[in-house]
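The values are calculated or read from the model by the stated rules, or taken from the named source; none is laboratory data. All figures in this text were calculated on a predicted structure; none of them were measured in a lab. A quick note on method: Cβ atoms are made from the backbone with ideal geometry, for glycine too, and the neighbour counts reach across all protein chains shown.
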Amino acid sequence: MALAPGNADVLRGVASLAGILGRADESIELLRRAVALDPLSSTYRRFLGLRFAIYGRLDEAEAALRASLDLNPKAGLVHCFLAITRLLKDNATEALELAEREVLPDFRLLGTAMALHSLGRAAESDAALTNIIDDHGAAAGYQVAEACAWRGEVDRAFEWLENAYAARDPGLGHSATDPLLKPLHAGARWLPFVQKMGLG
């Protein structure tokens, strides 16, 4: 980074690494700098919003994600991440509305499966989760694990985390700080899994 202090993409990459290593303040500061360097980038604001959400700073997360959408209303991932902030604020109705607007099919199904579960619409949540597995399971094992964890299916979530590990799913780098996986933290399997990932 010292060789390219004015390169927003380098800052974003280092911010992601800092986040994986648990250095929350550093990660957010680097992403703020990336946004300042390229204020018209929807992508950097999306990354910043996700980091805020991961660290429980949900109002700031929503502001950054809304700004990302203002710059690119058709941006992928942003509606799903907004839906997750709504779920973390216990507003499943708005979460479902946002998730249904996500342009990427696997993340649309992730958001809807979780929101429908929170709304008590179990059969519809099951159907959305089945669709993720059938249509995207090979590439979206980590997202399946997130959905299962949110739904309280601990054994199934760990099964899909192991699938993601075998597939070298890049999402696993965020597993130690992922709020959607918190239902797994209390069990005896969590710490060994995180340590296997080199994150413990």
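Of the numbered criteria (1) more than 15 Å from the chain's Cα centre (by Cα); (2) within 27 Å of ALA24 (Cα to Cα), the one ALA164 fails is (1).
Considering only segment 1-56, state which residues are closer than 18 Å to GLY76 by Cβ, surrounded by fewer than 17 Cβ atoms within 10 Å (Cβ to Cβ) and aliphatic (A, V, I, L, M). Within segment 1-56, just LEU40 meets the criteria. So for segment 54-63 (the condition being of a type in the set (Phe, Trp, Tyr) and under 17 Å from LEU104 (Cβ atoms)), does at least one residue qualify? Scanning segment 54-63 turns up no residue that is of a type in the set (Phe, Trp, Tyr) and under 17 Å from LEU104 (Cβ atoms). Of the residues making up segment 81-94, none is in contact with a His (Cβ under 7 Å, 6 or more places away or on another chain), touching a residue at least 24 places away in the same chain (Cβ under 8 Å) and under 28 Å from ALA67 (Cβ atoms).
If you check LEU40, LEU11 for being in contact (Cβ under 8 Å) with a residue 24 or more places away in the chain and outside any helix (DSSP H, G or I), only one passes: LEU40.
Considering segment 134-157, the residues that are among the hydrophobic types (A, V, I, L, M, F, W, C) and more than 17 Å from the chain's Cα centre (by Cα) include one that is surrounded by the fewest Cβ atoms within 10 Å (Cβ to Cβ), namely ALA138.
Scanning segment 66-86 for residues that are in contact with a Ser or Thr (Cβ under 7 Å, 6 or more places away or on another chain), part of a helix (DSSP H, G or I) and not small (Gly, Ala, Ser) yields LEU71, VAL78.
LEU21 meets the conditions (1) within 20 Å of LYS182 (Cβ to Cβ); (2) at pLDDT 95 or above in every case but one. The failed one is (2).
Count of segment 61-83 residues, restricted to those that are in contact with a helix residue (DSSP H, G or I) (Cβ under 6 Å, 6 or more places away or on another chain) and farther than 15 Å from SER41 by Cβ, is 7.
Any chance you could count how many residues in segment 159-200 are part of a helix (DSSP H, G or I), among the aliphatic types (A, V, I, L, M) and surrounded by 11 or more Cβ atoms within 10 Å (Cβ to Cβ)?
Total satisfying the criteria: 8.
Counting only residues that are touching a residue at least 40 places away in the same chain (Cβ under 8 Å) and assigned to a helix (DSSP H, G or I), segment 43-58 holds 2 of them. Residue by residue through segment 149-158, note down the ones that are assigned to a helix (DSSP H, G or I) and among the charged types (D, E, K, R). Across segment 149-158, the qualifying residues are ASP155, ARG156. Within segment 68-91, does at least one residue satisfy the condition of being touching an Asp or Glu at 6+ places or on another chain (Cβ under 6 Å), of a type in the set (S, T, N, Q), closer than 23 Å to PRO170 by Cβ and surrounded by 17 or more Cβ atoms within 10 Å (Cβ to Cβ)? Checked against the condition, which is being touching an Asp or Glu at 6+ places or on another chain (Cβ under 6 Å), of a type in the set (S, T, N, Q), closer than 23 Å to PRO170 by Cβ and surrounded by 17 or more Cβ atoms within 10 Å (Cβ to Cβ), segment 68-91 yields at least one hit. Within this structure, LEU65 passes the test of being under 17 Å from the mean Cα position of the chain (by Cα) and either at pLDDT below 95 or not basic (Lys, Arg) (or both). Can you pull out the residues in segment 14-29 that are without any contact (Cβ under 8 Å) to a residue 24 or more places away in the chain and touching a Leu at 6+ places or on another chain (Cβ under 7 Å)? Result: VAL14, ALA18.
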